[in-house]
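First comes the structure, then the notes that go with it.
None of the figures in this text is laboratory data; all of them are computed from the coordinates on show. This structure is a prediction, so every number in the text was calculated from the model and none was measured. Glycine also receives a Cβ, built like all others from the backbone with ideal geometry; neighbour counts cover every protein chain displayed.
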Amino acid sequence: MKRPAIFSVLLFALTLTSSAQRPRWSEQQANDWYAHQSWLVGANYIPSNAINELEMFQADTFDPVINDRELGYAESIGMNVMRVFLQDQLWQQDPDGFKRRLDTFLAIAAKHHIRILFVLFDSCWEDNPHLGPQHPPIPGVHNSGWVQSPGKQRLLDLSVEPQLKAYTVGVVSAFANDARILGWDVWNEPENPPGGNPDAVTPTARRVQQLLPLVFTWARSANPSQPLTSGLFTGDWSDPAKESPITKIQLAESDILTFHNYSWPESFAARVHELEPNHRPILCTEYMARSAGSTFDGTLPIAKRLHVAAINWGLVDGKTQTRYPWDSWQRPYTLAQPTVWFHDVFHPDGTPYRQAEVDLIRQLIGRGTPQPQPSN
């Protein structure tokens with residue numbers, strides 16, 4: 001007999017609050033949660049005036065006005081979720097102030113009918129992050145100021161582990177029952193190593209492998225009503241015998257499954273099919289790199305057909321300079337612009353990079369005919 005929908009929702013909520021530290025969601029719990037979501041479409045968001053997550057949320061550079069304006073651009077085309085990176089040193093510096101700024105940001109997002117998927121830790125880019133003023137963008141270079149969390153030195157220093165736990169538990173506890181938060185991405189690309197070799201067995205890689213399951217445990221100790229996840233981005237997911245140790249942890253610990261794919265539509269669909277035997281909701285939390293073959297036109301219709309959430313990289317062109325492709329690390333675009341933008345949807349004034357793209361997004365989400373774009 002099919003249970004009434006209201007009964008399922010009440011049972012789901014009761015399960016989440018019945019113990020001090022909830023276990024990993026069952027397949028049924030995860031799928032019940034997903035059944036109550038609209039099709040999730042959005043972007044990884046960093047405001048155009050911030051080079052990284054430190055500049056986005058430090059007290060001296062946090063800018064609610066720009067957040068409000070740019071999230072308005074997202075709302076105007078029907079986007080309903082943003083993935084947003086945090087940095088552990090912000091908690092270490094001023095936990096109460098950091099929570100207040102997060103609350104302000106969440107209020108702005110809610111005003112625009114957008115929920116947030118927060119990222120707690122990150123293994124990408126600069127491995128020596130520091131508080132305070134951040135360096136300016138390197139001319140012509142993609143994402144030239146992005147920083148890791150916690151960064152190599154803090155990662156390898158075992159005495160820092162209690163600080164990482166306090167950050168995880170503190171942030172998740174503060175917003176554990178906040179409906180404005182879609183979920184918690186506990187570690188971005190934990191297999192992303194220096195030098196780009198995911199098979200390298202380094203002290204950093206070993207330490208991430210030790211910490212990743214701990215971070216899931218710390219986050220669950222806050223008993224969040226939102227799901228936990230860590231996104232897969234490399235390796236073979238079709239055969240358990242071929243899974244890396246990190247992939248095994250991600251699949252075993254995540255309430256919902258998330259992945260990254262910056263390749264052609266056929267590759268995107270193949271990755272989804274590799275994850276489908278796990279019988280859990282699937283969200284793509286990074287895609288869309290135009291000159292690499294990953295486009296809104298090619299990927300977004302597949303995501304809708306397969307009922308996969310789609311969160312592209314980049315909303316507004318700005319200090320991250322992610323309109324430049326990855327090869328700008330070796331060959332900066334200082335004398336000429338790339339043929340097409342790599343990431344991002346809008347110019348800073350709200351003008352779409354490609355009107356046809358935003359029309360397609362609105363059409364697939366079901367927002368009807370295009371509306372006039374916000375302006376300054």
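General remarks:
- Here PRO348 fulfils each of the conditions (1) assigned to a helix (DSSP H, G or I); (2) of a type outside the set (S, T, N, Q); (3) touching a helix residue (DSSP H, G or I) at 6+ places or on another chain (Cβ under 9 Å) apart from (1).
- Complete set of residues in the range 150-192 that are charged (D, E, K, R) and in a helix (DSSP H, G or I): LYS152, ARG154, GLU161, LYS165
- Residue in the range 355-371 that is of a type in the set (A, V, I, L, M, F, W, C), crowded, with 22+ Cβ neighbours inside 10 Å and part of a loop (DSSP other than H, G, I, E, B) present: no
Yes/no per residue for (1) surrounded by 20 or more Cβ atoms within 10 Å (Cβ to Cβ); (2) of a type in the set (S, T, N, Q); (3) without any contact (Cβ under 8 Å) to a residue 40 or more places away in the chain:
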{"site": "SER76", "(1), (2), (3)": "yes, yes, no"}
{"site": "ASP94", "(1), (2), (3)": "no, no, yes"}
{"site": "GLY97", "(1), (2), (3)": "no, no, yes"}
{"site": "LEU131", "(1), (2), (3)": "no, no, no"}
{"site": "GLY151", "(1), (2), (3)": "yes, no, yes"}
{"site": "LEU155", "(1), (2), (3)": "yes, no, no"}
{"site": "LEU164", "(1), (2), (3)": "yes, no, no"}
{"site": "TYR167", "(1), (2), (3)": "yes, no, no"}
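- Of all residues making up the range 80-107, the number that are closer than 15 Å to PRO47 by Cα and over 18 Å from the mean Cα position of the chain (by Cα): 2
- For the range 302-347, filtering for residues that are polar (S, T, N, Q) and without any contact (Cβ under 8 Å) to a residue 60 or more places away in the chain leaves 3.
- Considering residues of the range 221-247 that are of a type in the set (A, V, I, L, M, F, W, C) and not in a helix (DSSP H, G or I) only, the residue farthest from ARG115 (Cα to Cα): TRP237
- Number of the exception - ARG305 against (1) surrounded by fewer than 22 Cβ atoms within 10 Å (Cβ to Cβ); (2) touching a Lys or Arg at 6+ places or on another chain (Cβ under 6 Å); (3) within 30 Å of ALA252 (Cβ to Cβ): (2)
- Residue in the range 25-41 that is closer than 18 Å to ILE365 by Cα, part of a strand (DSSP E or B) and either without any contact (Cβ under 8 Å) to a residue 24 or more places away in the chain or not polar (S, T, N, Q) (or both) present: yes
- Pairs where the first residue, in the range 272-284, is over 20 Å from LEU117 (Cα atoms) and the second is among the charged types (D, E, K, R), C-beta under 7 Å, 6+ apart: HIS279/GLU27
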